Amino acid sequence: MANLNNNTERDQWGSKVGFILAAAGSAVGLGNLWRFPVTAGQNGGGAFVLVYFAILILVGFTLMMAELVLGRHTQLNALGAYKKIRNNWAWVGGLGVLAGFLILSFYSVIGGWVINYMFKAITGAFTTSDPEFLGGMFGAFISNPVEPLFYHAIFMILTLGIVIGGVKGGIEKYAKILMPALFVMMVLTMLRSVTLPGAMEGIKFLLVPDFSMITGAVLLSALGQVFFSLSLGMGAMITYGSYLSKDANIPQSSFIIPLVDTGIALLAGLAILPAVFSFGFDPAEGPGLLFVTLPAVFSQMPLGGLFGFVFFLLVLFAALTSSISLLEVCVAYVVDEWNMTRKKATIGLAAVIFLLGIPSSLGIGVWSHISPFRGLDILDSVDFIASNVLMPVGGFLLCIFIGWVWGLENAIKEATNEGTIPFKLAGFWSFMIKWVAPIAIAVVFVQGILS
Ligand code: PFF
């Protein structure tokens, strides 16, 4: 992430690897480790994964490139980027800023749970694989009216601290070590999970699709998951793209980032779902899947407490590299458009977003009788509106904007650095952004909302 100390000189990523790590850092987070297994578990496992892949291919890669191109071309925040090209499209960027604002409010609540589970691991709370016990421990923690808010505040302060300092040096440096470390820990956890007795059931659940499970609701959940996981449809990649240098290879990055992201999501699924079946948990149990199942796996490992601590520490890091991009979308907007200093904007926004997250946390316990939307609790309602409504709508409008308003010629020119780098798939990408992606998004969205 870049350090923007004033509005005129826009900072850039330190290196090519640095950008890929930062963008992959934005994509890889709680969406992969927590939300992907939970959503797959609730939507029929293999059927969901299949649809996820289809949408990733039809929409994911295409939109990743579109956002990076738009960001680098305009060198502006989400709203400013649209405004610079067509004044009357600014509101589309505004929708994105709103989505980022909403997502961060509950993302930080879950990030707080991760911090708490780090401490639980190191103090020896993971002593058994008993579903009742672990489920009870998790339920008691998240429904407590005060404790989760304390950790929500810590997570927000960590996010704010990084964004305020400007993280170009810091994040790029740490990401180089910690992302591969997370990968190694995930592989080890996955290996333990798939070798548990009865694990095969879970592997089948995740990888063998039952076509009868594919409904409008499953399609919409997969669409929302693709947007959430790749940080698309709300201008995060526009904002990150705006710090890209003019010689960066956007087509290549747009390919690598979704691949890395999907790899980590699958690893998380394979670390969690086999254990779910082995220990007799319920795959559709919801938000607790990561926090209930993995402690059971760690309890079956030598030095499981220490392993669990390191694991949750790395999950926290992954969550922070995403939360900073969420906050950055909002900060870049306020700094660029309202001419506020970076420091003031960051602190003010973080405070408001923290307050906004409080109902999501309380909605699990003392306010669990409140269901603003579709029978969902407060956290899931905010998530639904941001991920399954605002992001797909933002993504659809992005396609229309690039394919029909700004024009493909301009986009390809930017993507290929004025024709200086090869982009063999230019024709294919043009067809996807103009026709396939918007139609796919529209069809899935309408189906899902009506179902
Ligand atoms: N992609 C992040 C994750 O999977 O955890 C979440 C996210 C970050 C969504 C940034 C949107 C965004 F702009």
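Readers should treat all values here as calculations from the given coordinates under stated rules, not as data from a laboratory. Predicted model only: the values in this text are computed from it and were never measured. Counting neighbours? That spans all protein chains shown, and the Cβs are built from the backbone with ideal geometry, glycine included.
Tabulated data for the structure shown
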{"quantity": "Cα shape, segment 344-404, gyration tensor, a/c 1.5 rule", "calculated": "oblate"}
{"quantity": "Separation in nanometres of the label points that stand 7 Å from Cα toward Cβ, at F431 and K204", "calculated": "3.9 nm"}
{"quantity": "By average C-beta atoms within 10 angstrom, highest first, the peptides 235-244, 18-27, 370-379, 278-287", "calculated": "235-244, 18-27, 278-287, 370-379"}
{"quantity": "Protection proxy ranking, peptides 419-432, 32-45, average beta carbon neighbours within 10 Å, highest first", "calculated": "32-45, 419-432"}
{"quantity": "Alpha-carbon centroids, segment 381-451 and segment 219-297: separation in whole Å", "calculated": "19 Å"}
{"quantity": "Relative contact order of the chain, defined on C-alpha pairs under 8 angstrom at six or more residues apart (%)", "calculated": "35 percent"}
{"quantity": "Label-point separation, I439 to T195 (7 Å along Cα→Cβ), nm", "calculated": "4.9 nm"}
{"quantity": "In nm, spacing of pseudo-spin labels at T341 and K413 (7 Å Cα→C-beta vector)", "calculated": "4.0 nm"}
{"quantity": "Potential lengthening between F211 and I157 on full extension [0.36 nm per residue; Cα-Cα distance subtracted]", "calculated": "15.0 nm"}
{"quantity": "Derived scalar couplings ³J(HN,Hα) [segment 121-127; Karplus, 6.51 cos²θ - 1.76 cosθ + 1.60; whole Hz; x for Gly, Pro]", "calculated": "4, 6, 8, x, 7, 9, 9"}
{"quantity": "Cross-link pairs K246/K413; K84/K413; K16/K246; K246/K343; K16/K176 - those with Cα-Cα distance over 19 Å", "calculated": "K246/K343"}
{"quantity": "Whole-Hz ³J(HN,Hα) from phi, Karplus 6.51 cos²θ - 1.76 cosθ + 1.60, for segment 228-242, glycine and proline x", "calculated": "4, 5, 8, 6, 9, x, 9, x, 5, 7, 5, 4, 5, x, 5"}
{"quantity": "Whole-Hz couplings from phi, Karplus 6.51/-1.76/1.60, listed for segment 434-443; x for Gly and Pro", "calculated": "7, 10, 5, 4, x, 5, 4, 4, 4, 4"}
